[in-house]
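Reviewing the structure listed below.
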Amino acid sequence: MCELFDYMSAFNLQSMGVTYVLNVSMTCPKPAHIQDSHFLRIPVNDNYSEKLLPHFHELPTPIVLVPLL
């Protein structure tokens, strides 16, 4: 489930200045308000042995961490 932060809410993302979404899951949906070119899914299961690094060359911009309030 997508629990920690409601990234499906356009208001939440806009209020925090989020313009790109990196989704690391197999099942969480892409928000309708995010353009395809601003959304990247790394389709992995929640497992410590999954390899994430090979996917990071696909990112359009550097990752900036946004603190959850």
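The values are calculated or read from the model by the stated rules, or taken from the named source; none is laboratory data. Since we're looking at a predicted model, the values are computed, not measured. Here the Cβ positions follow ideal geometry from the backbone for every residue, glycine too, while neighbour counts run over all protein chains shown. Keep in mind that these areas ignore ligands, DNA and RNA; they rest on the heavy atoms of the full protein, side chains included. Shrake-Rupley method; radii C 1.70, N 1.55, O 1.52, S 1.80 Å.
Overview of results
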item	result
Rounded accessible area of Y20 (nearest 10 Å², 1.4 Å probe)	80 Å²
Most to least accessible of F56, F11, F39 (protein chains only, probe 1.4 Å)	F11, F56, F39
By average C-beta atoms within 10 angstrom, highest first, the peptides 43-49, 32-38	32-38, 43-49
Estimated distance in nm for a label pair at S49 and A32, the labels positioned 7 Å out from Cα along Cα-to-Cβ	4.0 nm
